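Worksheet for the structure shown next.
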């Protein structure tokens, strides 16, 4: 169905605690950020879906503000086939690596989606 | 159509305004006007001759109206294309198209910025965002973090090192030391760059372009009229444009820019290839730009940019002169830099570049970049002999 207010649709679903994205009913593309038409094929047939929240760090940059602790900005490729900008919250900034497997968490206050690092032993133990 | 554009128009006047730091009493449009007057002057023309106006000013949605009113220009063709720092190379392409189509005859491309002086008086160049952001909540510092994410991925995939990036900054500085108009002319070493404060890893303060004031202007006219004007015409032989994303998280491949497409179009129109180019002026907002653009413009293979720039290859005395004015890294960077690639390419092809002149330069490539590796525009310029 056609989404006329895609950002509103995104925020509403985020508020429910999911990691929303759209799936094109015509070509099957995973679409993020939310739109009124599919950037892959032009169809307006976009259905809301939500991610299982598992992904891989595609790139990372650590920012070093003069007056605050360093923090990472990451690009994460979700397993469903879309990429988001985010941050990683459970390990020191400089320990985040390209290729790390990560899990999404919704922060309702942001609102935003942040990630923790998955390790062989569980989550967040690499620090 | 593209075959008809090759050599149809020529650059006949170029100038910078005062650069560096101009102080609180001068506005962006004052610098644009200063550059316009000088560029028209060396072309033997006046504002009365201008019938095509091409300009963009950050944060000014109706910049062509501001500039035309201020200059007293009455254009019959106006183009306010705003694709970030590449806008002015795009304007050069559009001006040639308009001239070839008869829509105008004397095109003025013009820009001004007081990015440096603005920071001291609370003037903001950009207004609030008008579109929802899916990035801002994670506090990237833009534009540097966008380029840093690309640099980190390039290092991961191809083994590019911070020392390779530092070589770019050092080469730019060595060129700037030969340019009396350059803002940063103190000696710089790879060690200095590596020791500088990291802002958004892997990029340090010395991997970043300057923040200066400055303006520039370029006058373009038909090849026929150009031959009657005072300076040797510098012909537009080829141009190409491409963009695929705005936000860094939407860039299809962080290590490959749309410069692959824009340059392919420009080379095809010009009938030349990278091996034919004598001098390269590209938009070096950050050191990674130079590495990735040299790859995407075809001067080396993808992934080999780091090795390519090492050993002084792009510095004075090296095989391929790149950013002979000192670039955005060391010469000037007033918010948007693209127009200065055209100005320096023109001076090199006229043989006016003084101590930094590439002897016998006949073909130059000017490449603009806008957004976060987003808009890519390539122009190939040549002397009369290359027609």
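Some points to look at:
- Over chain B, dividing the summed -39,500 (n - 2.57) contributions of all DSSP H runs of at least 4 residues by the number of residues returns a 222 nm mean residue ellipticity of -9500 deg cm²/dmol.
- Among B:51, B:228, B:79: highest mean-square fluctuation, GNM of chain B, C-alpha pairs under 10 Å: B:228
- DSSP-defined beta bridges in the protein assembly as shown - what % are antiparallel, rounded to 5: 85 percent
- Per-selection Rg to Rh, the protein assembly as shown - Cα, Kirkwood hydrodynamic radius: 0.99
- For segment B:69-101 versus segment B:318-340, the inter-centroid distance based on Cα atoms is 22 Å.
- Chain A: calculated mean residue ellipticity at 222 nm from DSSP helix runs of at least 4, using -39500 (n - 2.57): -2500 deg cm²/dmol
- Taking the number of Cβ atoms within 10 Å of each Cβ as an exposure proxy, the fewest-first ranking of B:177, B:142 is B:142, B:177.
- Coordinate range along principal axes, alpha carbons of chain B, Å, largest first: 52, 45, 38
- The ranking of B:27, B:111, B:235 by Cβ neighbour count inside 10 Å, starting from the fewest, reads B:27, B:235, B:111.
- Relative contact order (%) - criterion: Cα under 8 Å, at least six apart; region: chain A: 20 percent
- Centre-to-centre, using Cα atoms only, segment B:274-312 and segment B:162-236 are separated by 14 Å.
- Once the Cβ-Cβ distance of residue B:387 and residue B:228 is raised to the sixth power relative to R0 = 22 Å, the FRET efficiency obtained is 0.85.
- Only beta bridges with both residues in chain B are counted; by DSSP, about 75 percent of them are antiparallel.
- FRET efficiency, residue A:41 to residue A:4 (Cβ-Cβ, R0 22 Å, nearest 0.05): 0.70
- Stretched out straight at 0.36 nm per residue, the stretch from residue A:11 to residue A:66 would grow longer than its current Cα-Cα span by 16.6 nm.
- Degrees, to the nearest 10: A:6-15 long Cα axis against longest axis of chain A: 50 degrees
- From least to most packed, judged by other beta carbons within 10 angstrom and beginning with the fewest, B:220, B:211, B:50 follow the order B:211, B:50, B:220.
- Relative contact order computed over chain B (Cα-Cα under 8 Å; 6+ residues apart), in percent: 26 percent
- Computed on segment B:227-332, with alpha-carbon pairs under 8 angstrom and 6+ residues apart, the relative contact order is 23 percent.
- In range of the label at residue B:101: residues from segment B:42-66 whose backbone nitrogen is under 15 Å from the point 7 Å along Cα→Cβ: B:52-54
- Modelled spin-label separation between residue B:352 and residue B:142, with each label point placed 7 Å from Cα along the Cα-to-Cβ direction: 3.7 nm.
- Taking label positions 7 Å along the Cα-Cβ direction at both residue B:25 and residue B:304, the computed distance is 5.5 nm, reported to one decimal.
Read-outs: derived from the displayed coordinates by stated rules, not from any lab. Every value quoted in this text rests on a predicted model; they were computed, and no experiment measured them. All Cβ positions, even for glycine, are placed from backbone atoms using ideal geometry, and neighbour counts span all protein chains on display.
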